[in-house]
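S.K.: My questions will all concern the structure given below.
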Amino acid sequence: MEKYNYGVVGLGVMGRNLLYNIADNGFSVAGFDLDEEKVIELKNGVAEGTKVIGSVSLEEFVIGLDIPRKIILMVPAGKPVDAVLESITPFLTPKDVVIDAGNSYFKDTERRIADLTSKNLHFMGMGVSGGEQGARRGPSIMPGGDLEAFKLIQPMLELISAKVNGEACTAYMGKGSAGNYVKMVHNGIEYAIMQLISEAYDLLRKGAKLNTDQLYEVFKKWNEGEMNSFLIEITRDIFKQKDDLTDGFLVDQILDRAGAKGTGKWTSEQAMEIGVSIPTIDIAVTSRILSAYKEERIQASQLYIKEEIATPENIELFIKEVGDALYLATLISYAQGLALLVKASEEYKFDIPLKDVVKIWRGGCIIRSVLLEKFYGAYTENPSLSNILLNREISEIVKSKVKPLRNIASFAVLNGIPSLGIQSSLGYFDAYSTDTLPVNLIQAQRDYFGAHTYQRVDQEGVFHTLWNTQNI
Ligand SMILES: NC(=O)C1=CN([C@@H]2O[C@H](COP(=O)(O)OP(=O)(O)OC[C@H]3O[C@@H](n4cnc5c(N)ncnc54)[C@H](OP(=O)(O)O)[C@@H]3O)[C@@H](O)[C@H]2O)C=CC1
Ligand SMILES: O=C(CO)[C@H](O)[C@H](O)COP(=O)(O)O
């Protein structure tokens with residue numbers, strides 16, 4: 001029986017498309033899904049000249065693969081991954097490689113690595129970004145962990161991934177569960193940028209009073225310049241989409257309640273756990289939570305009637321400043337996410353190559369943008385840069401945009417336009433670039449009520465004061 005080069009488990013949105021992409025690149029691929037319909041439908045999308053087979057029997061699927069087997073899992077994170085591993089391992093033989101390409105939690109990946117390694121199997125966590133189209137035509141791929149297994153699949157990954165300047169958007173992300181960790185942070189940044197874009201949209205429609213056609217034009221222009229990115233591009237296209245059920249645009253008929261699957265929350269939890277400040281990402285996560293309070297928000301809006309929003313004197317300038325503010329707030333969000341990767345790399349001994357992270361995020365993924373080219377330059381100059389804001393070239397960009405960011409943040413505050421992301425990016429920047437913060441007072445308070453001690457600016461050591469004892 002002829003054997004297949006790769007196996008894919010999970011033939012949903014991502015799995016099916018990744019499978020076709022691998023087949024397009026000259027490999028024979030077998031697919032398995034619990035859902036028979038999906039297995040049957042698989043043949044409908046097979047490109048001419050490619051070799052693809054679907055299977056409804058897990059055993060047959062496994063037996064039909066080349067040894068060592070290389071099996072990619074594209075099932076939902078959590079229990080489904082454990083369920084697949086439990087059912088598939090009895091059919092595997094030593095040295096087979098299982099690659100979890102879903103958005104799995106990195107600590108789950110660590111547990112699975114230990115479990116499968118003890119069975120003489122290879123297990124890798126690998127982030128994939130680009131959504132349905134990316135998976136089909138070229139995603140950004142973030143593999144990590146087992147080097148021996150990585151080397152085995154590296155040529156295939158380089159073929160199927162997106163390309164920027166002829167370079168593949170895939171690279172080894174580090175040890176252990178680094179691949180999942182990098183993808184998690186990618187998604188945290190994705191949350192932040194999406195939040196910021198939604199705030200810019202709000203400012204343009206409520207402040208500049210732009211209609212949807214005009215919003216399309218603004219985003220089109222933005223996407224043609226320094227703000228060129230996947231998320232700006234799809235936002236432009238969203239403003240073009242008419243609604244099938246009404247005369248208007250689809251975006252205006254969509255309920256203002258955002259969903260989330262968990263990677264953004266994990267990013268925030270992680271940052272808290274290892275002590276990294278990523279307020280724009282945190283705010284983006286909590287803003288989606290707040291959006292779900294629809295009924296309460298309606299009640300509150302009737303209780304706290306807002307004043308009419310002022311129209312800026314110079315609309316052209318206002319639109320330009322919203323663009324600049326969005327650009328800088330986005331840059332600051334990347335800075336936070338990348339700083340988290342720097343700390344996580346030390347903390348978990350991942351050895352994440354930051355230069356390669358930004359290199360492979362330049363194409364294929366949801367947060368791809370021309371800005372990443374500048375970050376790539378910064379990490380090429382200094383691979384151990386602790387924060388992108390410390391790079392000289394980046395600092396020139398920041399300095400040129402900080403005034404518009406302040407102006408737009410002020411406009412939003414003065415007019416009651418929600419702008420949690422914009423405010424937190426600016427707040428982070430202001431705190432990060434301040435040599436003396438007022439937390440000396442917090443230390444004094446902590447020592448006052450809890451004898452937590454403090455350090456002094458003029459002497460080494462740890463101190464405690466008996467503060468106003470009469471009041472205690
Ligand atoms: N959608 C996206 O844009 C992206 C998704 N991801 C990640 O990729 C992974 C897959 O996502 P996506 O393709 O969107 O999800 P889908 O729900 O579209 O597909 C998952 C598929 O896996 C199947 N499945 C579930 N359990 C098993 C099992 N035990 N054995 C075999 N098949 C099983 C499901 O079958 P059934 O429907 O019958 O349960 C379904 O067909 C997730 O981790 C997701 O977070 C990553 C990047 C982008
Ligand atoms: O990984 C992805 C994109 O990179 C997935 O689309 C993910 O589902 C996005 O996260 P959420 O559903 O929480 O918005």
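Bear in mind these aren't lab numbers, they're just calculated from the coordinates by the rules spelled out. What you see is a predicted model; the values in this text were computed from it and never measured. Because the Cβ atoms are built from the backbone with ideal geometry, glycine has one as well, and the counts that use them run over all protein chains shown.
S.K.: Considering only C-alpha atoms, what is the centroid distance from the stretch 370-430 to the stretch 94-148, in Å?
M.R.: 33
S.K.: Let me ask something else about it. Would you mind checking the tilt of helix 212-223 against the longest principal axis of the Cα atoms of the chain, expressed as 0 to 90 degrees and rounded to 10?
M.R.: 80
S.K.: Sticking with this structure for a sec: Give me a comma-separated list of calculated 3J(HN,Hα) values for the stretch 180-195, in order, Karplus coefficients 6.51, -1.76, 1.60 applied at θ = phi - 60°, integers in Hz, x for any Gly or Pro.
M.R.: Karplus-based 3J(HN,Hα) across the stretch 180-195 equals 5, 5, 4, 5, 4, 5, 3, 5, x, 5, 4, 4, 5, 5, 5, 4 Hz.
S.K.: While we're looking at this one, here's another question. Here is the link list: 220/240; 107/343; 359/401; 175/355; 175/343. Which ones come out longer than 19 Å on Cα distance? Kindly include the intermediate steps, with their values, before the conclusion.
M.R.: Details: 220/240 10 Å; 107/343 16 Å; 359/401 24 Å; 175/355 16 Å; 175/343 14 Å.
With Cα atoms farther than 19 Å apart: 359/401.
S.K.: What is the Å³ per residue value for the convex hull set by the Cα atoms of the stretch 294-344? Please list the in-between numbers first.
M.R.: Details: hull volume 6.8 nm³, N = 51.
It is 132 Å³ per residue.
S.K.: Test of understanding: extend the Cα→C-beta vector of residue 148 to 7 Å, then name every residue of the stretch 83-116 with backbone N under 16 Å from that spot.
M.R.: It comes to 93-99, 113-116, nothing else.
S.K.: Kindly write out, for the stretch 103-109 in residue order, the coupling ³J(HN,Hα) from the Karplus curve 6.51 cos²θ - 1.76 cosθ + 1.60 (θ = phi - 60°), rounded to whole Hz, with x marking Gly and Pro.
M.R.: Karplus-based 3J(HN,Hα) across the stretch 103-109 equals 7, 7, 6, 4, 6, 5, 4 Hz.
S.K.: A further question on this structure: Which Rg and Dmax, in Å, describe the Cα atoms of the stretch 129-245?
M.R.: 18.1, 57
S.K.: Something else about it: Give me the extension gain from residue 453 to residue 430: residue separation times 0.36 nm, minus the current Cα-Cα distance, reported in nm with one decimal.
M.R.: Net length gain for the segment: 5.6 nm.
S.K.: Additional query: Would you mind counting up the charge near residue 378? Only other residues with Cβ under 12 Å from its Cβ, with Lys and Arg at +1 and Asp and Glu at -1. If you can, show how the numbers build up before the last one.
M.R.: Values: positive: 355, 359, 374, 392; negative: 373, 381, 393, 396.
Here the charged neighbours net out to 0.
S.K.: Please work out how much length the chain gains when fully extended from residue 163 to residue 213, using 0.36 nm per residue of separation minus the C-alpha to C-alpha distance, in nm with one decimal.
M.R.: Numbers: separation 50, 0.36 × 50 = 18.00 nm, distance 3.26 nm.
My answer for the length gained is 14.7 nm.
S.K.: Between the stretch 37-92 and the stretch 349-364, what is the C-alpha centre distance in whole Å?
M.R.: 29
S.K.: Now for a different question. Once the piece of chain linking residue 466 and residue 41 is laid out straight, how much longer is it, given 0.36 nm per residue of separation minus the C-alpha distance between them? Present the calculation step by step, with values, prior to reporting the outcome.
M.R.: On the way: separation 425, 0.36 × 425 = 153.00 nm, distance 7.50 nm.
145.5 nm is the gain from fully extending residue 466 to residue 41.
S.K.: Quickly work out the residue 220-to-residue 301 label distance, labels modelled 7 Å from Cα along the C-beta direction, and quote it in nm with one decimal.
M.R.: Going from the residue 301 label point to the residue 220 one covers 2.9 nm.
S.K.: Checking the a/c ratio against 1.5 first, then a/b against b/c, what shape does the Cα gyration tensor give for the stretch 211-270?
M.R.: On the way: a/c = 3.49, a/b = 1.30, b/c = 2.69.
In terms of gyration-tensor shape, oblate.
S.K.: Shifting gears a bit: Normalised by the residues of the chain, what does the relative contact order come to in percent, with Cα pairs under 8 Å and at least six apart? Mind showing how you got there, number by number?
M.R.: On the way: 805 pairs, mean separation 60.6, N = 472.
Reported relative contact order: 13 percent.
S.K.: What's the local net charge at residue 308, with K and R +1, D and E -1, over the other residues with C-beta under 15 Å away? Write out the running numbers ahead of the final one.
M.R.: Details: positive: 205, 206, 209, 306; negative: 307.
Around residue 308, the charge tally is +3.
S.K.: Remind me, what semi-axes does the chain give for its equivalent ellipsoid, largest first in whole Å, using sqrt of 5 times each Cα gyration tensor eigenvalue? Can you show the working numbers first?
M.R.: Working: eigenvalues 349, 185, 89 Å².
Three semi-axes, in Å: 42, 30, 21.
S.K.: Sorted from fewest to most neighbouring beta carbons within 10 Å, what does the list 456, 368 look like?
M.R.: On the way: 456 11, 368 24.
Ordered by Cβ neighbours within 10 Å, fewest first: 456, 368.
S.K.: Can you figure out the FRET efficiency of residue 441 with residue 261, using R₀ = 35 Å and their beta-carbon distance, to the nearest 0.05?
M.R.: Details: r = 40 Å, r/R0 = 1.15.
That pair, residue 441 with residue 261, gives E of 0.30.
S.K.: So what are the ³J(HN,Hα) numbers for the stretch 277-282, from phi and the Karplus equation (6.51, -1.76, 1.60; θ = phi - 60°), rounded to whole Hz, Gly and Pro as x?
M.R.: So the Karplus estimates, Gly and Pro as x, are 8, 9, x, 5, 5, 4 Hz.
S.K.: Based on the Cβ-Cβ distance from residue 293 to residue 2, what FRET efficiency comes out when R0 is 60 Å, to the nearest 0.05? Mind showing how you got there, number by number?
M.R.: Numbers: r = 57 Å, r/R0 = 0.95.
Given R0 = 60 Å and the Cβ-Cβ separation, E is 0.60.
S.K.: Moving to a separate point now. Calculated FRET efficiency, residue 399 and residue 111, Cβ-Cβ r, R0 45 Å, to nearest 0.05? Don't skip to the end; give the middle numbers.
M.R.: Details: r = 46 Å, r/R0 = 1.01.
Rounded to the nearest 0.05, the efficiency is 0.50.
S.K.: Go from 0 up to the bin containing the longest alpha carbon distance in the stretch 6-172, width 5 Å each, and give me the % of pairs per bin.
M.R.: Calculated over all Cα pairs of the stretch 6-172, the distribution is 2, 9, 20, 24, 23, 16, 6, 2, 0 percent.
S.K.: Let me know the Kirkwood hydrodynamic radius for the stretch 183-432, please, with Cα pairs as the basis and the value in Å to one decimal.
M.R.: On the way: mean 1/r = 0.0532 Å⁻¹.
It is 18.8 Å.
S.K.: Separate question: Given H placed 1.01 Å from N in the peptide plane, which residues other than close sequence neighbours of residue 164 have an amide H under 5 Å from its amide H?
M.R.: It is 169, by chain and number.
S.K.: With the crude spin-label approximation of a point 7 Å out along Cα→Cβ, what separation in nm comes out for residue 277 versus residue 317?
M.R.: Rounded to a tenth, the inter-label distance reads 3.2 nm.
S.K.: Something else now. Could you please state, rounded to a whole Å, how far the C-alpha centre of the stretch 248-315 is from the C-alpha centre of the stretch 320-339?
M.R.: About 17 Å separates the Cα centre of the stretch 248-315 from the one of the stretch 320-339.
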